[in-house]
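A.B. asks: Quick one: the structure is below, questions incoming.
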Amino acid sequence: MPRTLHTYTVTPRLPERLAPLRELAYNLRWAWHPDTRALFVTLAGEPLWKECEHNPAKVLGRVSQATYDALSQSPEFLAQLDAVWADFSAYKNAPADPRWEGLGTVAYFSAEFGLTESLPIYSGGLGVLAGDHLKAASDINLPLVAIGFLYQNGYFRQSLNADGWQVEHYPANDFYTLPIEPTGKKIAVQFPGRLVHAAIWKAQVGRIPLYLLDTNIPENADADRHIAGNLYGGDQETRIQQELVLGIGGVQALTELGITPTVCHMNEGHSAFLALERARQLQLKTGLPFAEATNATAAAHLFTTHTPVPAGFDIFPGELMWKYFGEFAPKLGISFDELLDRGRAPLMEPGKFNMAVLAFRHARYINGVSKLHGHVSREMAHPVWSEFPLDEVPIGSVTNGIHTPSFLSRQMGELLEAHDNDPLQLPDEALWNIKNERRATLVKWARTYQRKRAERRGASDSEVDEADNILNPDVLTIGFARRFATYKRGDLLLREIDRVRHLVNHADRPIQFVFAGKAHPRDDGGKELIRRIVQFSRDPSVKGKVVFLEDYDMAMARRLVQGVDVWLNNPRRPYEASGTSGMKVVMNGGLNCSILDGWWAEAYADNGSSVGWAIGQGEDYDDPGYQDHVEAQSIYHLLENEIAPLFYARDEHGVPRGWVAKMKQSMHLLGPVYDTRRMVTEYAQTYYLPAAQRAAHLAASDYALTRELVAWKLKVREQWSQVRIEAVTSPSDHLEAGQQAQVRAVVWLGDVLTSGDVQVQLYTGPVDTDRNFVHAAGVPLTCEGRDGGAWVYTGTLPTNHSGQQGFSVRVLPHHPEAILPQELPLIVWE
Ligand SMILES: *Cc1c(COP(=O)(O)O)cnc(C)c1O
């Protein structure tokens with residue numbers, strides 16, 4: 001055995017005329033540009049294209065020199081290449097968009113990115129959303145770079161054993177055949193007693209570079225090489241190590257690459273340590289103390305939370321924090337206890353460090369991913385702003401979207417293009433034909449797929465042959481594919497299996513179901529759901545009509561969303577923060593049937609049944625068993641009485657006019673809204689641009705405003721215990737509409753604070769029979785000057801609504817340049 005191994009890489013030698021293929025292969029725009037993909041299919045031929053897992057970079061290395069030489073003489077191929085290259089060059093060199101002037105560079109951090117099945121560094125919705133964010137940023141020419149991990153094993157691949165139980169495999173990623181390139185740059189992150197190194201790779205996503213950190217390099221000790229081993233694997237210590245590399249190493253990587261971001265966007269809390277590293281770097285550069293440094297950097301941070309339950313946040317015990325941050329705290333000029341405080345909140349897991357709290361405290365901008373999830377997030381974060389009314393917890397929402405071109409079938413894309421991209425103009429027959437074709441394609445593909453899978457599993461010949469007869473290209477097809485987390489209730493449909501038997505075997509209006517999805521390796525509850533479905537699918541009465549497809553990934557997602565008629569989603573409310581897979585069926589002419597949770601709650605509220613179906617009415621029962629019962633009944637009812645009858649109501653041309661009308665409404669009303677181009681534009685306008693401006697403002701004149709604000713906050717904090725409301729007087733407790741009624745408040749601010757440091761507000765709104773505000777808002781009172789040592793404020797009670805109204809007086813800190821209550825969550829109530 002040799003003791004030394006030298007490695008080198010070999011790259012294909014392309015004839016001069018075919019040189020553009022290289023850039024086309026290594027720019028992931030092919031993931032959403034069918035013509036570019038078609039070019040590589042021509043180059044490879046179908047079998048090699050499949051063998052290379054639809055990965056042009058791999059294809060380049062596998063095509064023979066003879067083929068290259070032949071194609072470089074082929075006029076057809078050269079014409080195809082030139083057309084694609086011209087389109088690509090125009091895309092790449094598009095002029096800057098004036099909307100993003102002055103934005104600088106946004107850095108987007110995420111633990112996973114789902115860009116294409118051939119770059120397996122994602123597990124599910126969060127990753128696909130991050131990937132779609134980059135693709136849309138590229139399309140709207142937003143200046144953005146991204147940071148993530150290059151996992152050696154990525155997420156697991158799923159197979160099922162004979163019993164239907166999930167088995168996980170972790171095939172290693174061969175980085176040298178992935179559509180990524182080394183940058184030649186490296187970083188080193190300080191770990192206890194050692195440095196952990198990471199190489200920086202780059203995936204080019206249209207105009208957007210995605211930098212990926214790879215810890216599997218010789219500089220690292222064996223254990224450290226596995227830090228970026230797999231996604232969400234390992235124990236808590238692996239987790240904190242990964243998050244150190246992503247947050248701290250990610251910021252270092254940007255520095256190493258010469259990129260100075262104006263705004264950092266944390267996609268979920270995994271990267272929140274970046275806040276500490278950004279403060280440290282600024283302190284090194286400017287000598288600012290920690291408070292000033294965090295004040296200046298937090299202005300440029302946006303935190304997007306995707307979690308619907310507090311248990312979803314990463315929480316690290318104090319000892320683990322001590323191990324990894326004991327030596328970091330002094331570098332920030334703070335004690336370890338002060339550092340721990342940055343991730344602690346009253347009521348939240350005492351003694352532990354919560355990554356979401358760290359992010360809440362170090363991001364001036366925070367959002368959830370649907371309107372309902374914004375509300376849920378405000379509830380979860382309430383302990384951080386506990387003195388404030390729930391609706392004043394400073395968390396907004398940007399509803400998720402999907403990158404439509406990545407999920408749209410080629411045929412549908414072409415049909416839309418031929419009709420000004422206006423779904424309402426599509427001829428019914430043409431639209432219906434495409435749906436039929438795509439359903440048939442799905443069925444054909446599923447048969448081949450199941451056959452191969454059965455063979456691999458060593459199933460009996462009869463079982464292998466049965467695969468050829470599963471599903472029916474003409475039958476109403478319902479898709480259900482997502483992670484098998486218990487809250488998603490993958491087996492809700494099976495509550496009454498006789499009803500399902502009846503549905504799938506209906507003489508005139510049969511229905512078929514296609515299931516897919518992975519359970520987390522440690523989630524036995526999720527795996528049990530999969531087993532139930534798989535075992536049910538073997539029941540002779542439903543065989544071939546209820547199908548489970550193993551190893552759900554982005555390629556399968558595309559096939560499903562393009563082929564199915566209805567996308568079913570039945571999570572337990574409100575645990576689906578947004579959900580995105582249902583959005584992927586929309587422009588493919590699929591219809592949604594879903595619980596009113598996440599995005600569907602607002603899509604349905606805005607458009608009603610013209611675009612799909614709601615399971616239940618958004619009512620919540622205390623008994624989860626009863627909830628399941630009610631919602632399962634609702635699903636059966638919809639399928640039996642609404643969905644199947646509409647689908648099978650054909651006219652003399654065989655077209656279901658009512659169904660097609662719904663398809664068009666759904667495409668027309670939902671398509672443009674639940675799209676990442678709308679979403680990323682919203683992020684840019686609501687958060688990135690204001691954050692960049694504010695950060696620049698705070699940094700101007702050697703951080704003059706930052707210093708002023710920190711000094712002001714210190715003063716207010718020190719004096720706040722003195723603030724009290726001494727007296728409030730109001731007119732009679734019965735008023736007539738339109739009557740002028742004055743409120744007078746006397747407020748003690750202590751010896752140091754003055755009326756300029758606070759805002760005294762009248763907090764008013766209608767009151768219910770339990771004397772609680774139905775809703776309320778604060779309006780500033782006017783300062784009338786001093787009366788002795790105290791300050792006098794007056795204002796008018798609103799009398800424009802009749803009924804029982806309430807009011808209370810409150811005092812809040814006020815500074816024209818501060819973002820409140822984020823920066824100083826203080827309040828005194830009457
Ligand atoms: C879109 C997508 C998801 C997310 O689905 P949800 O319904 O939002 O949970 C998960 N996995 C893959 C492969 C996807 O394409």
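A.B. asks: From largest to smallest, what semi-axes in whole angstrom does the range 61-122 give when each is the square root of 5 times an eigenvalue of its alpha carbon gyration tensor?
C.D. replies: Each semi-axis is the square root of five times an eigenvalue, giving 34, 22, 8 Å.
A.B. asks: What number, in nm² with one decimal, is the all-direction average of the projected area of the convex hull of the alpha-carbon atoms of the range 723-829?
C.D. replies: Result: a mean projected hull area of 7.5 nm².
A.B. asks: Could you list, bin by bin from short to long, the percent of Cα-Cα pairs of the range 530-585 in 5 Å steps?
C.D. replies: P(r) over the range 530-585, rounded to whole percents: 4, 15, 18, 22, 24, 12, 4, 0.
A.B. asks: Could you compute how fast the range 435-649 diffuses translationally, taking Rh as the Kirkwood radius over C-alpha pairs and applying Stokes-Einstein at 25 °C with viscosity 0.890 mPa s? Give it in µm² per second.
C.D. replies: It comes out at roughly 141 µm²/s.
A.B. asks: Hey, got the dipole for the chain? About the Cα centre, +1 on K and R Cβ, -1 on D and E Cβ, debye to the nearest 20?
C.D. replies: Value, rounded to 20: 1620 debye.
A.B. asks: In which sequence would Cys593, Cys264 go, from the one with the fewest C-beta neighbours within 10 Å to the one with the most?
C.D. replies: Placing the least packed residue first, the sequence is Cys593, Cys264.
A.B. asks: Let me ask something else. Which of the aspartates and glutamates could be linked to Lys92 by a straight reach, that is with a Cα gap under 14 Å, when you skip same-chain ones fewer than 8 residues away?
C.D. replies: Cross-link targets: Glu23, Asp139.
A.B. asks: Moving on. Given the range 101-397, what whole percent of its Cα pairs are spread farther than 30 Å?
C.D. replies: In whole percent, the long-distance tail amounts to 30.
A.B. asks: Report, in whole Å, the centroid distance computed from the Cα atoms of the range 227-246 and the range 676-694.
C.D. replies: Here the answer is 30 Å between Cα centres.
A.B. asks: How do Lys444, Lys186 line up, fewest other C-beta atoms within 10 Å first?
C.D. replies: Lys444, Lys186
A.B. asks: What size of dipole, in debye to the nearest 20, comes out for the range 1-63 about its Cα centre when the only charges are +1 on Lys and Arg C-beta atoms and -1 on Asp and Glu C-beta atoms?
C.D. replies: 220
A.B. asks: Please enumerate, by chain and number, the lysines with C-alpha under 18 Å from the C-alpha of Lys371, excluding those fewer than 8 residues away in the same chain.
C.D. replies: Excluding near neighbours in sequence, the set is empty.
A.B. asks: Over its Cα atoms, what ratio of radius of gyration to 2.2 N^0.38 Å does the chain give?
C.D. replies: After normalising by residue count via 2.2 N^0.38 Å, the value is 1.03.
A.B. asks: Work out which helices of the chain, taken as complete DSSP H runs, extend at least 20 Å along their axis over the Cα atoms and score a mean Kyte-Doolittle of 0.0 or more, then list them.
C.D. replies: Result, helices passing both filters: 75-92, 125-139.
A.B. asks: Another question, then. Over the Cα atoms of the range 16-92, what is the Rg over Rh ratio if Rh follows Kirkwood?
C.D. replies: Result: Rg/Rh = 0.92.
A.B. asks: Same structure again: Taking the square root of 5 times each eigenvalue of the Cα gyration tensor, what semi-axes in Å does the equivalent ellipsoid of the range 86-235 have, largest first?
C.D. replies: Gyration-tensor ellipsoid for the range 86-235: 30, 21, 13 Å.
A.B. asks: Can you find, among Leu129, Val369, Phe303, the residue farthest towards the positive end of the dipole of the range 101-397? Put +1 on the C-beta of Lys and Arg, -1 on that of Asp and Glu.
C.D. replies: Of the candidates, Phe303 comes out farthest on the positive side.
A.B. asks: Can I ask one more? If you scale each eigenvalue of the Cα gyration tensor by 5 and take the root, what three semi-axes come out for the range 596-638, rounded to whole angstrom and sorted largest first?
C.D. replies: 20, 12, 6
A.B. asks: Here is a follow-up. About its Cα centre, how strong a charge dipole does the range 723-829 have in debye, to the nearest 20, once Lys and Arg get +1 and Asp and Glu get -1 at the Cβ?
C.D. replies: In total the dipole reaches around 80 debye.
A.B. asks: Right, here's the next one. Quick check on my link table: of Lys444/Lys543; Lys50/Lys444; Lys135/Lys518, which ones sit more than 18 Å apart, alpha carbon to alpha carbon?
C.D. replies: Among Lys444/Lys543; Lys50/Lys444; Lys135/Lys518, the Cα-Cα distance tops 18 Å for Lys135/Lys518.
A.B. asks: Shifting gears a bit: Please report the spacing between the Cα centers of the range 342-390 and the range 1-25 in Å, no decimals.
C.D. replies: The range 342-390 and the range 1-25 have Cα centres spaced 48 Å from each other.
A.B. asks: Related question: Taking Lys664 as the anchor, which lysines have their alpha carbon closer than 21 Å to its alpha carbon, excluding any fewer than eight residues away along the same chain?
C.D. replies: Lys435, Lys584
A.B. asks: Follow-up question, since we're still on this one. Mind jotting down the distance between the C-alpha centroids of the range 746-824 and the range 254-270, whole Å?
C.D. replies: 39
A.B. asks: Please order Val10, Val680, Val534 by the number of other Cβ within 10 Å, starting at the fewest.
C.D. replies: By the 10 Å Cβ count, ascending, the order reads Val10, Val534, Val680.
Every read-out reported here was derived from the displayed coordinates using simple, explicitly stated rules and does not represent laboratory data. Computed from a predicted model, the values in this text were never measured in an experiment. Cβ: placed from backbone, ideal geometry, glycine included. Neighbour counts: every protein chain shown.
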